[in-house]
Structures are given as structure tokens and as C-alpha cells.
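Read through the structure below, which is laid out as C-alpha cells, and then see the notes.
Throughout, read-outs are computed from the coordinates displayed, never taken from laboratory work. As the structure is a computational prediction, the values presented were derived from the model and not from experiment. Using ideal geometry, Cβ is built from the backbone for each residue, glycine included, and neighbour counts are taken over all protein chains shown.
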Amino acid sequence: MTQDEMKKAVAQAALDRILPHLEEDTILGIGTGSTANLFIDALAAHKTRFDGAVASSQASADRLKAHGIPVYDLNSVSNLPFYIDGADEFDPHLNLIKGGGAALTREKIVAAVSKEFICIVDQTKQVEVLGNFPLPVEVIPMARSYVARELVKLGGDPEYREGVVTDNGNVILDVFNLKIVDPKALEQQINMLTGVVTNGLFAHRGANVILMGTPQGVQEITA
Ligand SMILES: O=C[C@H](O)[C@H](O)[C@H](O)COP(=O)(O)O
């Protein structure tokens, strides 16, 4: 089974999980990336069964709208029963690294508002300890060099993601070689650096459930 087939299977599993809970006024939180895209495509066939979505990126908003699914501003929505999104890595405690697609800040905001975060991944994202995937940090452009020096003091090797501007007009530093022994502590420590908007550790608000695609089928993982 290819990685793409595993992603399709978890997208379908997430859809099957939420379909019985959809009401005509339901608004869904929708993430960003190749797995979230497959979820959006599968969701489109059921667009008459719910109200619309809040998207964690312009790219996802565009894709939802192309399918005819109404997209709401988060400021006009107070109740999101589900947030469905992928991840770059997850550990056994359902802590995540996200932001490979530079959407981490909006993803963290939509996840914060949502009741249940259903994370959809293929088995290549599973690790014992987070940190093989470089940790994305969204930074206000003028603070880039300062924040990079501070990240070196924390033991990481930050690299500027050339040519990438986030939906919020900021830049991304990818931090290599971090030893993430305490994801919650590191998430907080990096977010304390002046000029950091947020970092891609989802530990204070991790996933509620992981649906992981494997060649043998979709596994459900809870903490
Ligand atoms: O910024 C991007 C997001 O955090 C994605 O959810 C993450 O990179 C996983 O993307 P994909 O499903 O393409 O592996």
C-alpha cells in the first residue's frame, strides 16, 4: 500500500467517524496539508449535511470553497465540535509536531477552539520521541536573526525557510537537532521568545485521537 493510499484511508476513517454527528448547523474545523486535502475532497460529497467550515489556511479555504463548502471567519464561530488535520510527527502521548506546510499558527488557533482534534496521519509520522522532523517556528520577520540566536542557545540548529511567507505575513525557522524530552516545556519556552508567533509543538493542546494509516488498515490511537 502506498503512502497516498494510507492517507486516503485515514481521511475516509475520519469522515466515517464524524458523519453520524453532523447536523445542519455544524461547522467543522479543517486543517492543512496533503492528508487534510484528501479529507476535504471526501467531505465534499456530504456538504448538504452540515453548515460549513473554518479553515486553518488560505489554501484549505480555497479548496473548501472550490467544492462549494461555505467557509466562515473564526471570529463569527464559537463552537467547533471537530478539528480534522494531519501532522508531521506524533508521539505515544499524542503530542505533535506540525507546520511542515507553514500553517502552524492558524492550525493551533483552530485546534484551540475545537472540542475534539482528530489527527489523520500515515504510519511514517509515528515516533517514540518528537524531533526527527525539524520543528517549525513562525517568527515576525524583523526578529528572525534574534530568535535564531536564541534557538541555538536552546540547543537547536535553526534554518530559515527561504522564500516562504506564512498566511500571517511572517517567516519560518525550521529547528533541527532539538532533543524534545519535555514537549510541553519546550513549547512554552520557545513561545516565550520575543518575536515568536508560535511554534509547531502541539503539546499543551495535542490530538484527542490519532487515526493512523498502515498497510494493514487504520489504527485508532488514544493516550
Ligand atoms: O503546516 C502544515 C500542517 O501542519 C500539516 O498538517 C502537516 O505538515 C502534515 O501535512 P501532510 O498531511 O501533507 O503530511
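Would you pick out the residues in segment 91-115 that are of a type in the set (D, E, K, R) and touching a helix residue (DSSP H, G or I) at 6+ places or on another chain (Cβ under 9 Å)? Explain how you work it out, then say what you get.
Filtering segment 91-115 down to residues of a type in the set (D, E, K, R) leaves 91, 98, 106-108, 115.
Matches in segment 91-115: Asp91, Lys98, Arg106.
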Open item on the list: For segment 1-86, give me every one of the helices (runs of 4 or more DSSP H) that falls completely inside it and has 2 or more residues that are within 23 Å of Ala112 (Cα to Cα) and without any contact (Cβ under 8 Å) to a residue 24 or more places away in the chain.
Closed with: 58-66
Task: Test for Val164: is it of a type in the set (Val, Ile, Thr) and free of Cβ contacts under 8 Å to residues at least 60 places away in the same chain - done: no
Open item on the list: Return the residues of segment 87-100 that are near the ligand (Cβ under 10 Å from one of its atoms) and outside any loop (DSSP other than H, G, I, E, B); say none if nothing qualifies.
Closed with: Glu89, Leu96, Ile97
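Per-residue answers, yes or no, for (1) closer than 20 Å to Thr105 by Cβ; (2) more than 16 Å from the ligand (Cβ to nearest atom):
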residue: Pro20; (1), (2): no, yes
residue: Leu28; (1), (2): yes, no
residue: Thr32; (1), (2): yes, no
residue: Phe39; (1), (2): no, no
residue: Leu43; (1), (2): no, no
residue: Ala59; (1), (2): yes, no
residue: Val77; (1), (2): yes, yes
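Restricting to segment 107-123, name every residue that is near the ligand (Cβ under 9 Å from one of its atoms) and either among the aromatic types (Phe, Trp, Tyr) or not in a strand (DSSP E or B) (or both).
Glu107
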Open item on the list: Condition check: in a strand (DSSP E or B), under 29 Å from Lys8 (Cα atoms), aliphatic (A, V, I, L, M) and in contact with a strand residue (DSSP E or B) (Cβ under 9 Å, 6 or more places away or on another chain). Does Val218 satisfy that?
Closed with: yes
